[in-house]
1. Which entries of LYS241/LYS387; LYS64/LYS89; LYS154/LYS311 show an alpha-carbon separation above 25 angstrom in the structure shown?
2. Based on other C-beta atoms within 10 Å, arrange PHE97, PHE8 from fewest to most.
3. With the contact rule set at Cα under 8 Å and sequence spacing of 6 or more, what percent relative contact order holds for the chain?
4. Expressed as a rounded percentage, what relative contact order does the range 162-301 have, with Cα pairs under 8 Å and six or more residues apart?
5. Would you mind classifying the range 150-284 by shape? Square roots of the alpha carbon gyration tensor eigenvalues, ordered a ≥ b ≥ c; an a/c under 1.5 is rounded, otherwise it is prolate if a/b is larger than b/c and oblate if not.
6. Please list 183-194, 143-154 highest first by mean number of surrounding beta-carbon atoms within 10 Å per residue.
7. For the chain, what is the calculated [θ] at 222 nm in deg cm²/dmol (nearest 500), taking -39500 (n - 2.57) for each run of four or more DSSP H residues and dividing by its residue count?
8. Stretch ARG142-PHE8 to full length: gain in nm at 0.36 nm per residue minus the Cα-Cα span?
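Every number here is computed from the coordinates shown, using simple stated rules; none is lab data. The shown structure was predicted, so the numbers you read here are calculated from the model rather than taken from an experiment. Cβ placement follows ideal geometry from the backbone for every residue including glycine, while neighbour counts extend to all protein chains displayed.
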Amino acid sequence: MKDKLNRFIERLNILREESLYRSVTNYTPLSATHVSKDGKDYLMMASNNYLGLTHNLQVKEAAKKAVELYGTGSGGSRLTSGSHILFEKLEQELAVFKSAESALVFNTGYMANVGTISGLMSKNDIIISDELNHASIIDGCRLSRAQCMVYPHKDMNALADILKKLYDRNDAVKLIVTDSVFSMDGDIAPLDEICYLASKYDALVMVDDAHATGVLGNGHGSAEYFNLKGKIDIQLGTFSKALASEGGFVAAKQVLVDYLINHARSYIFSTALSPADIAAAREALHIIATDNSYVKKLQENVAIMKKYLQKESIEICTQTPIFPIVVHDNDLALNVAKILYDDGIILSAIRPPTVPKNQSRLRLTVTAAHTKEELHFVAEKLGQILKK
Ligand SMILES: *Cc1c(COP(=O)(O)O)cnc(C)c1O
């Protein structure tokens with residue numbers, strides 16, 4: 001047996017040598033922004049819990065009530081026995097929230113991307129994808145077996161050139177797919193230009209709003225931010241970030257939702273989410289839709305953090321809660337994260353393959369639940385470490 005495992009041991013050793021080895025640390029959550037480990041308190045600056053709603057009283061109560069009323073697990077896939085009544089309500093509410101005709105819930109954002117792209121697109125079709133798109137988009141493209149054409153990050157001339165070349169491919173469905181807020185850089189795709197090109201060249205547009213829902217505009221996401229409500233063919237989102245729960249969804253025309261119910265394998269062949277997951281997501285969505293103070297607070301905190309970092313000569317021109325502090329070197333990223341950790345701050349060192357080679361970074365995220373004092377503390381510490 002040892003011999004058969006040797007290859008894996010060797011391959012892991014190579015990862016260690018390149019400072020690319022990954023391992024898991026388990027924490028005890030204390031609040032939306034604090035966790036503990038071995039009795040020590042840490043400030044969380046790496047989470048996507050953008051509005052801090054994981055610890056919101058109403059959201060927690062909604063999840064508890066759902067358990068009381070409907071039990072813990074769903075017991076089956078959506079098409080067999082697992083589609084409890086909460087799904088119907090959530091999908092209606094999502095469609096309204098995203099100004100779409102219909103919506104469909106998946107178990108994770110990852111599964112929503114993989115299932116939607118591979119479900120809609122087939123061998124003869126063409127996907128046109130930004131080079132920095134999330135791994136779940138890339139996996140969906142691969143599974144679809146469609147032809148995949150990748151354009152340089154946000155390069156609209158390159159996208160236009162690709163579409164021009166495909167002009168006479170009327171036999172194929174053409175799908176442009178992009179993150180709206182890029183997960184590791186925090187920058188925003190030029191959706192207005194993408195939609196313009198798509199309508200000119202007869203392509204569908206799919207945006208991944210994982211980091212935009214609850215963040216951009218009044219929280220409705222990238223379509224609202226760009227004044228493109230009702231104009232984006234497929235809007236994908238996740239409940240796992242600002243919506244404080246688990247699960248993913250797409251909002252689209254009814255015909256596309258019907259098609260996905262029949263073709264998206266990650267939707268068909270997996271047990272439906274539990275009542276507590278859905279109830280928490282619904283309550284978080286309700287809060288964002290009716291009270292914009294959380295989104296406003298988040299945007300305020302982003303501006304404050306930018307200012308504090310500027311004072312430390314760390315210039316990050318982000319318009320989102322994602323602050324990429326690019327240090328390039330894998331070791332350096334790990335070292336800075338380690339020093340911060342010893343000071344009681346958790347910030348992720350992001351290395352390849354999550355980002356391109358030589359683009360290792362610290363990915364700092366700000367939430368609505370952080371205090372000014374906490375943001376100031378983190379900026380100062382970062383300033384001290386990076387000046388050395
Ligand atoms: C997190 C993320 C996903 C996956 O969502 P999960 O619900 O965590 O599976 C998809 N796309 C992007 C851009 C993401 O950042």
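1. Those over the limit are LYS241/LYS387; LYS154/LYS311.
2. Arranged by neighbour count, lowest to highest, PHE97, PHE8 become PHE8, PHE97.
3. Answer for the chain is 23 percent.
4. 18 percent
5. In terms of gyration-tensor shape, oblate.
6. Highest mean packing first, the order is 183-194, 143-154.
7. The per-residue figure over the chain is -13500 deg cm²/dmol.
8. Working: separation 134, 0.36 × 134 = 48.24 nm, distance 2.47 nm.
My answer for the length gained is 45.8 nm.
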